[in-house]
Structure formats: structure tokens, C-alpha cells
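In what follows, a single structure is set out as C-alpha cells and then discussed.
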Amino acid sequence: MTRCAVFGTGSWGTAFAMVLGDAGCRVTLWGRRQELADAINTGRSNPDYLPGVELSPTVRATTDPAEAAGDADFTVLAVPSQTLRENLARWAPLLPPDTILVSLMKGVELGTAKRMSEVIEEVAKAPAERVAVLTGPNLAKEIAARQPAAAVVACADEAVAQRLQAACHTPYFRPYTNTDVVGCELGGAVKNVIGLAVGIADGMGLGDNAKASLITRGLAETSRLGAAMGANAHTFAGLAGMGDLVATCSSPLSRNHTFGTNLGRGMTLEETMAVTTQTAEGVKSCRSVRDLARRHGVDMPITETVVEIVHEGKPPLVALKDLMSRSAKSERH
């Protein structure tokens, strides 16, 4: 039986632990709070994030990171992206030397502008061949309801990607492999920023033409950044690119879309954060994505606009006017 550790008892960490359990793995789920771990072990569900969702008998929870890490074949990291470095620094000494480290996080680190796999490689001192990424249109509540979904498992080592694929393949969860880790991670990180933009447009009462334009031009921004960083252009036409972008920009289950909608309706950043119970990764990552684009000399006007609205207090109506009045250019620019 494949052994897995999942660090993070939020909705996505718990949902993926459920997937692994349903696929026949033995899963240890780590969380900070003993009362939640006890509830998972006695009630077979996570009452805080996924109430009523029954977990496989092979999934158990603990607050002891050493117990979770144990002899895990796969160590899955499902914490907010901006907390990864600090958390992993504590866990790294406990991890088996040959465990495969799997990132469920979709963000870019503030300050360093590093992708999550780069942070993992640096902190855990792991080679790229031992670091994998799972991404795609994976709304946690739909997967927790065991509704059909597809995903991408990416690793520089194709054989490792195939091992992870086998470990999480169920009748309702269909993973595909990819070796383009850069492209897969950029797709997951930038789509959160575009999701904020589309949410803002929805909150402002803009129509479907505006939303379709933001989604399409947002994908163009992602593709330009990916090209500058050596990603495969085909990645952005697949599940990690267009697939994840469509789900995030169209679903009321999307945290980033919901956050943006509240901003577009006139709420301040502080008011929106006060009513947001789970992490909307794009809120912080929009600045690091912008920094990454500037480092590579890539023009990303939608990303720049989101940063201006979210962090610099620019009114959405003014931002919209400025975005629409930019100089005309070729669509391929």
C-alpha cells in the first residue's frame, strides 16, 4: 500500500487526502489543532472545512509532524503558499530521504518571486526529480463531493509523475502527467490573479464580453510569462492553463473570484478580508507575479491592474478606464 503524508487540513488538503485514500493509499493527514484531528479520526470527516464528506478508513489525522512524515512515499504540502518556507523548514528534518514532495499550492513567494517547487527544492534540499506539482481545475468542494475532475501531475522525472498519477487515480479523479513544471505552476499561480480581475468585473456589473476578454487576455499574459521562463506553450492550452483559468473565473466556489467580486462591489481590502474565511492566494501572489514579470521584462497589464486595485487603493472604475485606454496593438503582442 502506498503511504502518503498530507500536511494541511484545509479544504483542498483534506479533499486530496480523500482522493488518495479512495485510490487505495494509506494517508496520514497533519493539522495544527488536536480537536480537529480527533474529529477526523472519530467522525471520518473534517467538520471545519468539509462537513459531511466521508473519508476513507485508510485516512487518519495527527498533530505530530514526525508521525505524519513517517515512512511516506509521497509527502503532500497543502498550506498557504506564503507560509510554505517557514513550515517546511520545521518539517524537512523529519522527512524520509527518498520521499516525493508534492505541491498542491498555487502561488509565487513574496520577496523571492520563487515558484513553490523552487522553495521546496531549496528548503528541503531536494533535487527537482523528487519534487512534483499537482494542479488543474480542482475546486475542492466539487472533488470532495466526488464529482468528475481532471488534473495534471507534473515532475521533471516522467517516471515520478507516473507514480503520483497511479497513487491518486480514482473513478472520479483523472490525473494526466506532464514534465513542464514551470508552465504548470505558472498556470496555477497566475489564474488566481486573473480570477480576482474577473471577480472585480462581476462585482462591477460588467458583462460576459468583458469577462471573456479578461480570461483570454489573462491567458495571453500567462503564456508570455511562461515563454520567457522556458515553459512549453502547449501547457497553457491544457488543464493547468485554460482549464484551471476557466474554473477559477467562472465558479462561485472560487475563493479568488469571490474576493474580487466583493472588491468590485465597493468593499475595501480590509472589509473583504474580514469576510473571507479561507486563503485567496491571488491577493498576495499578485504582487509576486508582477515582480516575476518585471524581472523577465514581460508586459502583464491585467496583473498590474489587479495589484493597483487590491494593494494600492485604485478605484476599479478608474482602473478599468486606464486598462481600456491603453494603446492599440496586435493581438499577438
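The conditions of being touching a Leu at 6+ places or on another chain (Cβ under 7 Å) and either on the phi > 0 side of the Ramachandran plot or open to solvent by 10 Å² or more (accessible area, probe 1.4 Å) (or both) are not met by residue 226. Applying the criterion of being open to solvent by less than 40 Å² (accessible area, probe 1.4 Å) and in contact (Cβ under 8 Å) with a residue 40 or more places away in the chain to the residues of the stretch 109-130, the residue that is farthest from the chain's Cα centre (by Cα) is 128. Candidates in the stretch 136-176 are the residues that are hydrophobic (A, V, I, L, M, F, W, C) and in a strand (DSSP E or B); of these, the one that is farthest from residue 45 (Cα to Cα) is 155.
One residue stands out in the stretch 54-81 among those that are modelled with pLDDT under 95 and open to solvent by less than 50 Å² (accessible area, probe 1.4 Å): the one that is nearest to residue 287 (Cα to Cα), namely 81. Of all the criteria given as (1) crowded, with 22+ Cβ neighbours inside 10 Å; (2) in a strand (DSSP E or B); (3) in contact with a Phe, Trp or Tyr (Cβ under 9 Å, 6 or more places away or on another chain), the one not satisfied by residue 133 is (3). Whenever a residue of the stretch 234-255 is in contact (Cβ under 8 Å) with a residue 12 or more places away in the chain, its partners that are among the small types (Gly, Ala, Ser) and open to solvent by 30 Å² or more (accessible area, probe 1.4 Å), lying with C-beta atoms within less than 8 angstrom and at least six residues away or across chains, give the pairs 236/223; 241/223.
Restricted to helices (runs of 4 or more DSSP H) entirely inside the stretch 281-325, those with at least 3 residues that are free of Cβ contacts under 8 Å to residues at least 24 places away in the same chain are 301-312, 316-324.
When residue 30 is tested against the conditions (1) under 19 Å from the mean Cα position of the chain (by Cα); (2) at pLDDT below 95, the lone failure is (2).
Exactly one residue out of 133, 119 is at pLDDT 95 or above and in contact with a strand residue (DSSP E or B) (Cβ under 7 Å, 6 or more places away or on another chain), and it is 133.
Residues that are among the acidic types (Asp, Glu) and out of contact with any strand residue (DSSP E or B) (no Cβ under 9 Å at 6 or more places or on another chain) occur at least once in the stretch 71-92.
The values are calculated or read from the model by the stated rules, or taken from the named source; none is laboratory data. This one's a predicted model, so the numbers in the text were calculated from it and none came from an experiment. Positions of Cβ are backbone-derived with ideal geometry, glycine not excepted, and every protein chain shown enters the neighbour counts. Ligands, DNA and RNA are stripped out before the accessible areas are found, and what is left, the full protein with its side chains, is counted by its heavy atoms. Shrake-Rupley method; radii C 1.70, N 1.55, O 1.52, S 1.80 Å.
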